[in-house]
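Visitor: Have a look at this one before I ask anything.
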Ligand code: 5RP
């Protein structure tokens, strides 16, 4: 199976999970990225079951609306039963690195409201120790150099994502060379640096369910 076929399989499994675990008329939280895009396409086939969605990025909002799925402002929604999103890396504790697509802050906000986070990814994303994938950090532009110096003190090498501006008007520093043995501690530590909006570690609020695409089929890990 190709990587895209694995992504498609987990996306369909996530649409089935959502159908079996949320009441009709629910509003679904929807992530960002190529795997989330396959999920949006699978969700479109059963869209009449749902009231609509909350999007974690402008790209996702556009794709949902393109399928005729109503997109709600998070401020108008008190309950999101399930949030479905991909990851760049995930460990056995279902802690994740996210933000490869630069949507980490909005993803983290929607995930914070959701009761259940379903992570969908292919088997290449499951790792023992996170950090091979550079950790994205969203930064207020005027704080870029200060935050980069502070991140270097933590042992990483921050690299500016050239030519990229987030949906919130900020920049991304991708931190290379980290070996993340304490994801929750590092997430909190980086978020304390003045000028950081948030970082791509999802450990304080990890996933609840992982649907993992493997050559043998989709594995469900909780
Ligand atoms: C976007 C993300 C994505 O979930 C992550 O980058 C995975 O993307 P893909 O499904 O394309 O591999 O965090 O900000």
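Visitor: List the pairs whose first member sits in segment 151-165 and is farther than 15 Å from residue 197 by Cα, whose second member is at pLDDT 95 or above and in a loop (DSSP other than H, G, I, E, B), and whose Cβ atoms are under 8 Å apart, counting only residues at least 6 apart or on separate chains?
Guide: Note: pairs meeting the criteria are 159/134; 161/102; 164/102.
Residue-wise test of (1) at pLDDT 95 or above; (2) in contact with a helix residue (DSSP H, G or I) (Cβ under 8 Å, 6 or more places away or on another chain); (3) more than 12 Å from the ligand (Cβ to nearest atom).
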site: 11; (1), (2), (3): yes, yes, no
site: 17; (1), (2), (3): yes, no, yes
site: 33; (1), (2), (3): yes, no, no
site: 72; (1), (2), (3): yes, no, yes
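Visitor: Which condition from (1) surrounded by fewer than 19 Cβ atoms within 10 Å (Cβ to Cβ); (2) in contact (Cβ under 8 Å) with a residue 60 or more places away in the chain is the one that residue 23 breaks?
Guide: Residue 23 satisfies all of (1) surrounded by fewer than 19 Cβ atoms within 10 Å (Cβ to Cβ); (2) in contact (Cβ under 8 Å) with a residue 60 or more places away in the chain except (2).
Visitor: Among the numbered criteria (1) away from the ligand (no atom under 12 Å from the Cβ); (2) in contact (Cβ under 8 Å) with a residue 12 or more places away in the chain; (3) under 15 Å from the mean Cα position of the chain (by Cα), which one does residue 61 miss?
Guide: Residue 61 satisfies all of (1) away from the ligand (no atom under 12 Å from the Cβ); (2) in contact (Cβ under 8 Å) with a residue 12 or more places away in the chain; (3) under 15 Å from the mean Cα position of the chain (by Cα) except (2).
Visitor: For residues that are within 12 Å of residue 14 (Cβ to Cβ) and either surrounded by fewer than 16 Cβ atoms within 10 Å (Cβ to Cβ) or within 11 Å of the ligand (Cβ to nearest atom) (or both), tally how many sit in segment 42-58.
Guide: The qualifying residues number 1.
Visitor: Within segment 165-181, take every residue that is out of contact with any helix residue (DSSP H, G or I) (no Cβ under 9 Å at 6 or more places or on another chain) and assigned to a loop (DSSP other than H, G, I, E, B) and give me the one that is surrounded by the most Cβ atoms within 10 Å (Cβ to Cβ).
Guide: 177
Visitor: For segment 119-140, what are the residues that are touching a strand residue (DSSP E or B) at 6+ places or on another chain (Cβ under 8 Å) and within 12 Å of the ligand (Cβ to nearest atom)?
Guide: 119, 120, 121, 122, 125, 133, 134, 135, 136, 138
Visitor: Sticking with this one: Of all the residues that make up segment 74-100, how many are assigned to a loop (DSSP other than H, G, I, E, B), over 29 Å from residue 25 (Cα atoms) and either within 13 Å of the ligand (Cβ to nearest atom) or in contact with a helix residue (DSSP H, G or I) (Cβ under 6 Å, 6 or more places away or on another chain) (or both)?
Guide: Of the residues in segment 74-100, 4 are assigned to a loop (DSSP other than H, G, I, E, B), over 29 Å from residue 25 (Cα atoms) and either within 13 Å of the ligand (Cβ to nearest atom) or in contact with a helix residue (DSSP H, G or I) (Cβ under 6 Å, 6 or more places away or on another chain) (or both).
Visitor: Restricting to segment 112-123, name every residue that is closer than 19 Å to residue 13 by Cα and not in a strand (DSSP E or B).
Guide: Passing the criteria: only 123.
The values are calculated or read from the model by the stated rules, or taken from the named source; none is laboratory data. Note that the structure is predicted; figures quoted are calculated from it, not measured. In this analysis, Cβ positions are derived from the backbone assuming ideal geometry, glycine residues included, and neighbour counts consider all displayed protein chains.
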